[in-house]
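Below you'll find the structure, written out as structure tokens, and then a few comments.
The values are calculated or read from the model by the stated rules, or taken from the named source; none is laboratory data. Nothing here was measured: the structure is a model prediction, and the numbers come from that model. Cβ placement follows ideal geometry from the backbone for every residue including glycine, while neighbour counts extend to all protein chains displayed. We work out accessible area using only protein heavy atoms, side chains counted, and drop any ligands, DNA or RNA first. Shrake-Rupley method; radii C 1.70, N 1.55, O 1.52, S 1.80 Å.
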Amino acid sequence: MITKEQIPEVLDHQVYDAEGKKIGEAGHVFLDDVTGQPEWASVRTGLFGSHETFVPIHDAAMVEDHLEVPYSKDQVKGAPHVDVDQGGHLSEQEERRLYDYYGVDWGGYGREETRRTGTGTAGTAGTAAAAGTAGTARDRTGAGGTRDRDDAMTRSEEEMRVGVERQETGRARLRKYVVTEDVQKTVPVRREEVRVEREPITEENRGEALSGPEITEAEHEVTLHEERPVVETEAHPVERVRLTTDERTEEETVEGQVRKERIEEEAADDKRRRR
């Protein structure tokens, strides 16, 4: 349940539904004339908050820095449009229509007798004075409206508010796959070849030369060797790869239209001068 002390935390903060989806931004908080407690909040949705709907906040709660309501995003955005009078009140008929839309029992909060007798105006706007938070809640008269007070006329203007909305634009992923490449390497190999050596008989080797029979047949054999290339592979890590994002800020110009009231002074000769 939202208390009057929490109104500054609600105003201009995000509103999320029961599934954690962002609905929009809270614009106004309305108090009940009978209990004096926050009962309704207006939620600005659409491009630049151009659409405003109402949602009950009797069962809502502040979660960290946003308001969470027990209704779906589509249900809040599809709520019927209601008009707020110049005093910043919801009429009993408008409030009953909203309760019927959200499926809330009209007497569910223990005020059935008050609703039937019609005492008090249902859904009083939560102004700064009523909420006890001066300068935080907003005047519920609305931009563009004029109100007669004594002999003065109020002139109002609309102000264009530009915000940003974060949305998903695409996805990027890393994928690892295996490719086979041909690699050439040169390695030296050795092999043995037969070479016949002849040496003359000298005094040094004469004894060995005459140690055998004079005339005979004989064989002598040597084993030849050679080296051959042997290939084997071994896997080892070479680098680490990850995805990161860089945020870039660009200036983008937004155009829109705002309405301003003009007051003309009409003289006796029916000539008008603009102020």
Next on the checklist: Test of understanding: express the Cα radius of gyration of region 1-46 as a ratio to 2.2 N^0.38 Å, with N the residue count.
Outcome noted: 1.17
Checklist entry - Is the shape of region 2-106 rounded, prolate or oblate, going by the alpha carbon gyration tensor and its root eigenvalues a ≥ b ≥ c, with a/c under 1.5 for rounded and a/b larger than b/c for prolate? => result rounded
Checklist entry - Long-range amide H contacts for D59: which residues qualify at under 5 Å (H placed 1.01 Å from N, peptide plane, sequence gap of 5 or more or a different chain)? => result none
Checklist entry - Roughly how many Å² is the accessible area per residue of region 30-71, as a whole number, for a 1.4 Å probe? => result 39 Å²
Item to check | Part-to-part distance (alpha-carbon centres) for region 68-103 and region 213-272, which is given in Å | outcome: 51 Å
Item to check | Sequence of V162, V238 from largest to smallest accessible area, 1.4 Å probe | outcome: V238, V162
Checklist entry - Mean shadow of region 181-255, computed from the convex hull of its alpha carbons, in nm²? => result 14.7 nm²
Item to check | Quarter of the Cα convex hull surface for region 150-275, i.e. its orientation-mean projected area (nm²) | outcome: 24.9 nm²
Checklist entry - How much of D100 can a 1.4 Å solvent probe reach, expressed as accessible area in Å² and rounded to 10? => result 110 Å²
Checklist entry - Can you list the GluC sites (Glu not before Pro) in region 1-103 that are in a DSSP coil and have 13 or fewer other beta carbons within 10 angstrom? => result E19, E64
Checklist outcome for this item: Here region 64-75 yields Karplus 3J(HN,Hα) values (6.51, -1.76, 1.60; θ = phi - 60°; whole Hz; Gly and Pro given as x) of 6, 10, 9, 8, 10, 10, x, 9, 7, 4, 5, 5
Item to check | Sequence-distant lysines (8 or more away, or on other chains) whose Cα lies within less than 26 Å of K260 | outcome: K271
Next on the checklist: Just to make sure I understand: if all protein chains stay in place, what is the order of Y101, Y71, Y16, Y177 by accessible area at 1.4 Å, largest first?
Outcome noted: Y177, Y101, Y16, Y71
Item to check | Vicinal HN-Hα couplings computed from phi for region 174-184 (Karplus, 6.51 cos²θ - 1.76 cosθ + 1.60; Hz; Gly/Pro x) | outcome: 9, 10, 9, 9, 10, 10, 10, 10, 7, 10, 10
Next on the checklist: Could you work out what % of the accessible surface of region 193-275 is carbon and sulfur, using a 1.4 angstrom probe and leaving DNA, RNA and ligands out of the count?
Outcome noted: 44 percent
Checklist entry - Once phi is turned into ³J(HN,Hα) by the Karplus curve 6.51 cos²θ - 1.76 cosθ + 1.60 with θ = phi - 60°, what whole-Hz value does each residue of region 30-38 show in order, with x for glycine and proline? => result 10, 9, 8, 4, 7, 8, x, 9, x
